[in-house]
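Worksheet: the structure to be examined is printed underneath.
The values are calculated or read from the model by the stated rules, or taken from the named source; none is laboratory data. The shown structure was predicted, so the numbers you read here are calculated from the model rather than taken from an experiment. Cβ coordinates were reconstructed from backbone atoms using ideal geometry, including for glycine residues, and neighbour counts include every protein chain displayed. To get the accessible areas, we keep the full protein, side chains included, count just its heavy atoms, and leave off ligands, DNA and RNA. Shrake-Rupley method; radii C 1.70, N 1.55, O 1.52, S 1.80 Å.
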Amino acid sequence: MPPKSKVDLYAAIRRDYRAGLSNRALQHKYGVGFRTVQKALTSVWPEPRKKLPPRRTRLDPYKGLVDQMLRADLTAPRKQQHTAKRIFDRLVAEYGAVDITYGIVRAYVAERRDELRIAAGRGIAKAFVPQSHRPGAEAEVDFGDVTIRLAGQQVKCCLFSFRLSYSGKAVHRVSASGGQEAFFEGHVHALSVLGGVPTGKVRYDNLNSAVAQVLGFNRARVETERWTAFRWHFGIEVFYCRPGIEGAYEKGGVEGQIGYFRRNHFVPVPEVDSLAELNAMVDRWDEEDDARRIRSRPRTVGEYFAAEQPLLNPLPTEPFETGRLFALRVDRYSQISVRTNHYSVPVRLIGRRVRVMLHASELVVYDDSGVEVARHERLMTKAGTRLVLDHYLEALVRKPGALPGSTALEQARSAGKFTPVHDAWWAAACKAHGDRDGTKALIEVLLLGRHMPHEHLVAGLAAALRAGAMTSDAVALEARKAAEADDTTVPTLLPQEPESGRFGQPKVTSLTERRLTHLPPDTRPLPSVSVYDQLLRRRRPGGRPNPEGEEP
């Protein structure tokens, strides 16, 4: 087996030389030359490999000129120093450097400018100073992007992270957007999980959710009103980092935490049906991360947090409304517009004003009396539309011809609310009663969904379709049968043969017969008309009795 490295080669040559092999025999055995064998016998360590001379570039003849311009900038006014573009233009115009490109000049200037500044004593090399944190005193907050597959579609979401600096304990939350609603809800969730508020400062970027304006080059900020109210409600002391990439180094803990969490828990891309399901997974991942050690720390994150948690300030007892309230008018399409997206509400609210509470991942609509009338999962796109078919049923009763091409029906099919069983029953009803009456019957069935679970209604549709009963009453009866079958508590019921009608089809009991079977027994006597016989003896007008056999 040949040696793996040059050190192994030297060791093998020295070993075989001590065993008696000659220089020529060692050359043949290892396929090396005379000089290599001699070097191995004289030194245990191979000579370090010589560095190749730097490759010449077309900028080499002009590097002295570039250095001269950069040295002149050391004493020039700050706003009148050379840029890479200005240096390139001067080289071309004044020195005829037509064979160089701007990219070569820019790369050389970016590296050489700092070297000359440091050599002249006007700057220092970039250095990082290790920091220590007191338990329960400091924390860091930031947002990151994650990609998921939500209900079969790949979308980009925002990952909120709140990290305690001492223990490294982090709490995460995924939301549809990175707006102020998600910013507040992430704080409320994180502080409730941690069980308290840091006693010192919490480090933030200059997020639009918190900072309305950055004042100069200092730490002063103009905060948004809702953020000021929120942070004083919880007693949060803030520390705003510098703008730009330099500010990321001031909260490097949470920056690295987001990257770690994304690489270890979002690879491969998770597939979920809702953000609530994903956040349940995120909470479980946070608990699992308590068992890890950060770098060379002697204890786990959970052990450090157990010592830190009692030192946090208590949470306030009063809740804080994190959602944003809007007062909107419902348009003629029974929709409201929120953040460029449109959402449906019941048609009875057309032309009226409603209140909308916008949260990070959903929005809730209330009428003028404060009753909830609609709840939607928040859209992640712009200029999107989310419609609920149930909101349009009252209008479709009057306009059944609008149902086949409606956008609400298309979205209900995509969401699985309008199943193939609905389509099959609808087609059979139209065939039996005509398009208009068949569609009206379907709408009556859909109205039953306001009082019955979806799965029972689908079971009723399937049973009515098998029996050939194309009425909403039959569907309601079969749906109630399915509900009663689910609610039964007798596990020993034997399966029975289905009651059959003509041609072997299942028999559907009428609603009248079903109601009568549930009435209590009637013990009253049968009615009699004998008391009315006295009317037969009444005299006709004029005093003449009724002729024999003539009906009065």
How much of residue 74 can a 1.4 Å solvent probe reach, expressed as accessible area in Å² and rounded to 10?
-> 40 Å²
May I ask for the distance between the Cα centers of region 158-174 and region 101-140, given as a whole number of Å?
-> 28 Å
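To the nearest 0.05, how large is the calculated FRET efficiency for residue 133 and residue 229 if R₀ is 30 Å and r is the Cβ-Cβ distance? Could you put the intermediate results ahead of the total?
Working: r = 28 Å, r/R0 = 0.93.
For residue 133 and residue 229, the calculated efficiency is 0.60.
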Collect residues whose amide H, placed 1.01 Å from N in the peptide plane, falls under 5 Å from the amide H of residue 388; neighbours closer than 5 in sequence don't count.
-> 344
Roughly what angle does helix 6-18 make with the longest principal axis of the chain, taking Cα atoms, 0 to 90 degrees, to the nearest 10?
-> 50 degrees
Express in whole angstrom the spacing between the alpha-carbon centres of region 384-436 and region 289-329.
-> 47 Å
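From the helices alone, meaning DSSP H stretches of at least four residues, give me the mean residue ellipticity at 222 nm for the chain, per-run term -39500 (n - 2.57), in deg cm²/dmol to the nearest 500.
Values: 19 runs with 217 residues, N = 552.
One gets -12000 deg cm²/dmol as the mean residue ellipticity at 222 nm.
Once you charge only the Cβ atoms, +1 for Lys and Arg and -1 for Asp and Glu, what is the size of the charge dipole of region 1-124 about its Cα centre, to the nearest 20 debye? Write out the running numbers ahead of the final one.
On the way: 27 positive and 12 negative charges, 88 e Å.
Magnitude of the dipole: close to 420 debye.
Based on the Cβ-Cβ distance of residue 455 and residue 104, what FRET efficiency does E = 1/(1 + (r/R0)^6) give at R0 = 60 Å, to the nearest 0.05? All intermediate terms of the calculation are to be shown ahead of the outcome.
Details: r = 69 Å, r/R0 = 1.15.
Once the sixth-power term is evaluated, E becomes 0.30.
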Count neighbours as other Cβ atoms within 10 Å of each site's Cβ, and list the trypsin sites (Lys or Arg not before Pro) in region 295-358 that are DSSP loop with at most 14 such neighbours.
-> 295, 299, 332, 339, 352
Hey, if you put +1 on the Cβ of every Lys and Arg and -1 on every Asp and Glu Cβ in the chain, which of 210, 7, 132 ends up farthest toward the positive end of that dipole?
-> 7
Accessible area of residue 85, 1.4 Å probe, to the nearest 10 Å²?
-> 100 Å²
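Counting other C-beta atoms within 10 Å, and keeping those with at most 13, which DSSP coil chymotrypsin sites (Phe, Trp or Tyr not before Pro) do you find in region 206-313?
Details: sites: 217, 227, 230, 232, 234, 239, 240, 249, 260, 261, 266, 285, 304, 305; in loops: 217, 266.
Here the sparse-neighbourhood loop sites are 217.
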Taking the Cα atoms only, what angle lies between the long axis of helix 225-234 and the longest principal axis of the chain, rounded to 10 degrees?
-> 90 degrees
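Using a 1.4 angstrom probe, figure out how much accessible area region 1-75 has per residue, in square angstrom, rounded to the nearest whole. Don't skip to the answer; put the middle values down first.
Numbers: 6060 Å² over 75 residues.
Computed with neighbouring chains in place, this is 81 Å² per residue.
Could you work out how much longer the chain between residue 32 and residue 215 gets when fully extended? Use 0.36 nm per residue separation minus the Cα distance between them, nm to one decimal. Intermediate results must be reported in sequence, preceding the final value.
Values: separation 183, 0.36 × 183 = 65.88 nm, distance 6.99 nm.
Working it through step by step, the gained length comes to 58.9 nm.
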Taking amide hydrogens as modeled 1.01 Å from N in the peptide plane, which residues meet the under 5 Å criterion relative to residue 374, leaving out close sequence neighbours?
-> 365
Relative contact order in percent for the chain (Cα pairs under 8 Å, 6+ apart) equals 8 percent
Which value, in debye to the nearest 20, gives the size of the charge dipole of region 91-149 about its Cα centre, when Lys and Arg are +1 and Asp and Glu are -1 at the Cβ?
-> 140 debye
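Using +1 on the beta carbon of Lys and Arg, -1 on that of Asp and Glu, and nothing else charged, what's the dipole of the chain about the Cα centre, debye to 20? Don't skip to the answer; put the middle values down first.
Working: 83 positive and 65 negative charges, 707 e Å.
Charge dipole, the chain, about its Cα centre: 3400 debye, nearest 20.
Beyond 19 Å between alpha-carbons counts as too far, so tell me which of 156/417; 201/251; 6/29; 156/382 fall in that bin.
Working: 156/417 25 Å; 201/251 12 Å; 6/29 15 Å; 156/382 13 Å.
In this structure, 156/417 lie more than 19 Å apart at Cα.
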So which aspartates and glutamates can residue 399 reach, going by Cα to Cα under 16 Å and dropping same-chain residues fewer than 8 places off?
-> 390, 435, 437, 444
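Considering only DSSP states other than H, G, I, E and B, which trypsin sites (Lys or Arg not before Pro) in region 412-471 qualify as loop sites with at most 13 other Cβ atoms within 10 Å? Intermediate results must be reported in sequence, preceding the final value.
Details: sites: 413, 417, 431, 436, 440, 450, 466; in loops: 417, 450.
Counting only loop positions with at most 13 other Cβ atoms within 10 Å, the trypsin sites (Lys or Arg not before Pro) in region 412-471 are 450.
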Can you pull the three principal axis extents for the Cα set of the chain, in Å, largest first?
-> 154, 71, 61
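Calculate how many DSSP beta bridges within the chain are antiparallel, expressed in % of all such bridges and rounded to the nearest 5. Let's see the in-between values first.
Values: 42 of 52 bridges.
In the chain, DSSP labels about 80 percent of beta bridges as antiparallel.
Please compute the net charge surrounding residue 254, taking Lys and Arg as +1 and Asp and Glu as -1 over other residues with Cβ under 9 Å from its Cβ. Walk me through the numbers before you get to the answer.
Details: positive: 163, 203, 251; negative: 140, 142, 255.
Neighbourhood net charge equals 0.
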